[in-house]
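Please read the structure below before turning to the comments.
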Amino acid sequence: MSTPTSTQARPSQWQEKLGVVLFFVLCALLARRVVQAAGSQTVVMIAVSGVLGFVTADLVSGLVHWLFDTWFSRTTPVLGKTFVTPFRVHHEDPLDITRHGFVATNGHNCLVSVPVLALALLLPSGPEAPLASSALTFVLMLCLGVFGTNQFHKWSHAPHVSPVVAWLQARGIILGREHHDVHHTAPHTRHYCITTGWLNRPLEAIGFFGHLETLITAVTRQQPRAEELNLPPAPAAPESAPAPDLATP
Ligand SMILES: [Zn+2]
Ligand SMILES: [Zn+2]
């Protein structure tokens, strides 16, 4: 789900290639199970679970993006180089992502999805398990959405895209160029969702990420975007006054 950059600590190229191959093999196996189980579900169940999977991918993209834009620093052990730096470098050089090939762009997300797809294949399906059948559709669409995230994000920055991609962008089916431009306006605190962007406006309307930041600051005393803004930890809350000693005259 991270945005690849030239400075990212990435898995090796063969690991990414293997991830892409495994991803498509497992997706094909899962798609076959979904088709086989289709008879045990209503059209509404299939449609709802599929759309929910794609919407969940958009939510996951927003949460991961917000998390590494807002918290931790480029020097945080393990997370700093692999996740924090790529997202923050992307603000400084948005076109870097367009210089990456297919495997470099998508290998990381394929590797993340492989265990999820493998576990989903263990689920039962068929007339005796209609809910599990719906779960298969959900997981398939979720993983396809997660796979699409970096590719859709890359296309939203690409100077030229195919007519099919431009059509999908113009109709808001995948992340649109102007829609994503909102995030690239400083201080980069809006429109974190980068799969389809469908959830950006509803989440903004309820102040979703602002409320989460207030909660996290209250619990951890850490300020959001502290590294980017060079902020110290939030001051400790004043201690409550001691209760009056009622025994003292
Ligand atoms: Zn960002
Ligand atoms: Zn971007």
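The values are calculated or read from the model by the stated rules, or taken from the named source; none is laboratory data. Because the structure is predicted, anything quoted here is derived from the model rather than measured. Quick reminder, even Gly has a Cβ in these numbers, built from the backbone with ideal geometry, and neighbours come from all protein chains shown. The protein model used for the area step is the full one, side chains on, heavy atoms only, and it has no ligands, DNA or RNA in it. Shrake-Rupley method; radii C 1.70, N 1.55, O 1.52, S 1.80 Å.
Test each condition in (1) surrounded by fewer than 21 Cβ atoms within 10 Å (Cβ to Cβ); (2) modelled with pLDDT of 95 or more; (3) over 30 Å from GLY39 (Cα atoms) for VAL114 and report the one that comes out false.
(3)
Within segment 208-227, count every residue that is touching a helix residue (DSSP H, G or I) at 6+ places or on another chain (Cβ under 9 Å), in a loop (DSSP other than H, G, I, E, B) and over 16 Å from VAL64 (Cα atoms).
2
Name the residue, out of VAL43, VAL21, VAL55, that is modelled with pLDDT of 90 or more and within 25 Å of GLY126 (Cα to Cα).
When all the criteria are applied, what remains is VAL55.
Being at pLDDT 95 or above, among the charged types (D, E, K, R) and assigned to a loop (DSSP other than H, G, I, E, B) narrows it down to one of ARG190, ARG201, so name that one.
Within the list ARG190, ARG201, the selection yields ARG190.
Against the definition (modelled with pLDDT of 95 or more, more than 16 Å from ligand 2 (Cβ to nearest atom) and of a type in the set (Ser, Thr, Tyr)), how does THR196 come out, yes or no?
Against the criterion (modelled with pLDDT of 95 or more, more than 16 Å from ligand 2 (Cβ to nearest atom) and of a type in the set (Ser, Thr, Tyr)), THR196 does not qualify.
Just to be sure I understand, how many residues within segment 69-110 are part of a helix (DSSP H, G or I), open to solvent by less than 60 Å² (accessible area, probe 1.4 Å) and under 24 Å from SER156 (Cβ atoms)?
Matching residues across segment 69-110 total 24.
I'd like the full set of residues that are aliphatic (A, V, I, L, M) and open to solvent by 20 Å² or more (accessible area, probe 1.4 Å), limited to segment 54-68.
VAL55, LEU59, VAL60, LEU63, VAL64, LEU67
Return a yes/no flag: does segment 161-178 have any residue that is farther than 29 Å from ALA31 by Cβ, within 16 Å of ligand 2 (Cβ to nearest atom) and buried (at least 18 other Cβ atoms within 10 Å of the Cβ).
Among the residues of segment 161-178, not one is farther than 29 Å from ALA31 by Cβ, within 16 Å of ligand 2 (Cβ to nearest atom) and buried (at least 18 other Cβ atoms within 10 Å of the Cβ), which makes the answer no.
Looking only at residues in segment 218-246 that are surrounded by 10 or more Cβ atoms within 10 Å (Cβ to Cβ) and under 30 Å from ILE97 (Cβ atoms), which one is modelled with the lowest pLDDT?
Once the filter is applied, the top-ranked residue is LEU231.
Go through segment 137-177 and give me each residue that's part of a helix (DSSP H, G or I) and either touching a strand residue (DSSP E or B) at 6+ places or on another chain (Cβ under 8 Å) or within 16 Å of ligand 1 (Cβ to nearest atom) (or both).
Answer for segment 137-177, where residues must be part of a helix (DSSP H, G or I) and either touching a strand residue (DSSP E or B) at 6+ places or on another chain (Cβ under 8 Å) or within 16 Å of ligand 1 (Cβ to nearest atom) (or both): THR149, ASN150, PHE152, HIS153, LYS154, SER156, HIS157, ARG177.
Looking at segment 146-172, I want the residues that are at pLDDT below 95 and have a partner that is part of a helix (DSSP H, G or I) and basic (Lys, Arg) with Cβ atoms under 6 Å, at least 6 apart or on another chain. Which pairs are those?
Short answer, once both residue conditions are applied: none.
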